[in-house]
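Please read the structure below before turning to the comments.
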Amino acid sequence: MTQTTTQPKQATFDKNIVLIIGLLLLVGLIVISAINLQNIESTDLNGQVASDFTLPLFDQFEGESITLSDLRGQVVVVNFWASWCVECYKEADLLEQIWRDYKDKGVIFIGVDHLDTEKPALEYIERYNITYPNGPDLGDKISQEYAITGVPETFFIDKEGNIAHVQIGPIKHHSLITLLDKLVAQ
């Protein structure tokens with residue numbers, strides 16, 4: 001009678017050991033995957049050459065597309081936004097106002113619409129009377145290349161094409177002016 005009790009206990013013990021080993025392996029794989037997914041963040045790009053991209057523009061903006069490398073010699077502000085982003089609304093008026101103030105000083109703003117649909121994106125542009133070039137990030141390629149963590153996120157690119165600053169979240173008036181004045185003066 002003792003033998004029959006020992007065998008089921010041993011089988012349960014063996015199953016628990018296999019289960020524990022399996023769970024440890026699974027947790028290990030998840031950790032390794034997470035590390036590989038988080039190997040770069042947008043702020044890690046500060047000081048690096050900005051990756052070139054071509055953004056197709058929404059119809060109301062002049063031209064069919066805009067290419068970052070064609071803007072070398074100018075200060076470029078690349079703003080990632082979306083119509084569904086509550087925080088983006090907080091900076092929309094400011095970005096448009098500063099764009100109008102700085103566009104004749106060698107500064108260009110580019111709006112990259114992130115994971116959005118066209119109709120709400122165009123309504124957003126109309127609502128805030130946005131006049132700087134804007135277009136959809138088709139296939140999320142630009143956002144991935146710049147390793148954005150969310151929207152809004154804004155990249156300040158100097159005249160040589162290097163990322164001078166990354167702003168995560170909405171930017172404030174004073175910070176925006178200070179950064180642009182510094183970059184324009186270089």
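Per-residue answers, yes or no, for (1) in a helix (DSSP H, G or I); (2) aromatic (Phe, Trp, Tyr):
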| site | (1), (2) |
| --- | --- |
| Val77 | no, no |
| Phe80 | no, yes |
| Tyr102 | yes, yes |
| Phe109 | no, yes |
| Lys119 | yes, no |
| Asn129 | no, no |
| Lys141 | yes, no |
| Gln144 | yes, no |
| Val151 | no, no |
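This table checks each residue for (1) closer than 18 Å to Pro152 by Cβ; (2) among the hydroxyl-bearing types (Ser, Thr, Tyr); (3) touching a strand residue (DSSP E or B) at 6+ places or on another chain (Cβ under 9 Å).
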| site | (1), (2), (3) |
| --- | --- |
| Leu55 | yes, no, yes |
| Phe61 | no, no, yes |
| Ser83 | yes, yes, yes |
| Val86 | yes, no, no |
Practice prompt. State the number of residues belonging to the stretch 88-115 that are out of contact with any Phe, Trp or Tyr (no Cβ under 7 Å at 6 or more places or on another chain), more than 19 Å from Asp181 (Cα to Cα) and either surrounded by 15 or more Cβ atoms within 10 Å (Cβ to Cβ) or among the small types (Gly, Ala, Ser) (or both).
Written response: 1
Discussion item. I need every pair where a residue in the stretch 60-79 that is touching a residue at least 12 places away in the same chain (Cβ under 8 Å) has its Cβ under 7 Å from the Cβ of a residue that is among the polar types (S, T, N, Q) and surrounded by 14 or more Cβ atoms within 10 Å (Cβ to Cβ), sequence separation at least 6 or different chains.
Written reply: Phe61/Asn134; Ser65/Thr54; Thr67/Thr54; Val77/Thr154; Val78/Thr154; Asn79/Thr154
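When only residues in the stretch 153-186 that are part of a loop (DSSP other than H, G, I, E, B) and touching an Asp or Glu at 6+ places or on another chain (Cβ under 9 Å) count, which is farthest from Ala50 (Cα to Cα)? Lay out the reasoning, then the answer.
Step one: filter the stretch 153-186 for residues part of a loop (DSSP other than H, G, I, E, B), giving 158-161, 169-172, 186.
Next cut, touching an Asp or Glu at 6+ places or on another chain (Cβ under 9 Å) only: 161, 169-172, 186.
Working: Gly161: 6, Gly169: 19, Pro170: 21, Ile171: 20, Lys172: 23, Gln186: 17 Å.
Selected residue: Lys172.
Bear in mind that the values in this text are calculations on the coordinates, not laboratory data. A quick note: this is a predicted structure, and the numbers were derived from the prediction, not measured. Neighbour counts run over all protein chains shown; Cβ positions are idealised from the backbone, glycine included.
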